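Please read the structure below before turning to the comments.
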């Protein structure tokens, strides 16, 4: 009879300690490989030659911007204005065309039409006479002073009443080479008319870069002429122009007109009327 097989008491088994040890060794190896890889990447980048951009120094062009050349923007104390060359007065039609070209690209500077009048006109100002130097009584070229109007109307209606009181018209330079005028601006729908640029010889001012821009545009919109063009000018009748010139001459106290560099006028309401006065004047 065969002897029964004896089952060995000793067998090779993996206990919990061995499992934990193997996991720790595996994590250690993985960590070492990761650190080695990062070191390789770091030192590799140190040897990569970075391309550096060549520094460029901007050089300002000697030519002045179009808006400065056309008189659309005039600083109170522009440097070197005394050395500026005199210019002969061009034909108004050519001047208006050049103004239109210069300002058409700057319509983004116009204030939002929804701006409130009381907020937009604090220390309000309109830019000055944009006409170039003219001729004196002897036929010699002379420089016209730049002129600026300052006014703080309470609202849009008071601003329109000021323009109507001095018979100032708004004119939109049309794409059809016509000037589309609006007058009686305090009315709900102002009156309009159309004129030729060649027949216009009145003093005109451009508020495109001033605080009156939004108010002028709203009044022109009420008249239905804003779609005619981008440029809106203020046209002063001879009577109002004479008032400004007389105030300017009196403030100059005997100085010759060509000695006046800049005159700033102030508008003050007096009941239902308005009055001009000279606020500041600068000389060459």
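The values are calculated or read from the model by the stated rules, or taken from the named source; none is laboratory data. Bear in mind the structure is a predicted one, so any value in this text is a computation, not a measurement. Positions of Cβ are generated from backbone atoms using ideal geometry, with glycine treated the same way; all protein chains shown enter the neighbour counts.
Overview of results
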{"quantity": "Unmet requirement for residue 254, which otherwise passes all of (1) surrounded by fewer than 17 Cβ atoms within 10 Å (Cβ to Cβ); (2) modelled with pLDDT of 95 or more", "calculated": "(2)"}
{"quantity": "Filter pass, residue 201 being surrounded by fewer than 21 Cβ atoms within 10 Å (Cβ to Cβ), at pLDDT 95 or above and either in contact with a strand residue (DSSP E or B) (Cβ under 8 Å, 6 or more places away or on another chain) or more than 17 Å from residue 151 (Cα to Cα) (or both)", "calculated": "no"}
{"quantity": "Residue selected from region 12-53 under the condition at pLDDT 60 or above and not in a helix (DSSP H, G or I), by the criterion surrounded by the fewest Cβ atoms within 10 Å (Cβ to Cβ)", "calculated": "12"}
{"quantity": "Sole residue being in contact with a strand residue (DSSP E or B) (Cβ under 8 Å, 6 or more places away or on another chain), modelled with pLDDT of 95 or more, crowded, with 17+ Cβ neighbours inside 10 Å and farther than 21 Å from residue 275 by Cβ, chosen from 163, 219", "calculated": "219"}
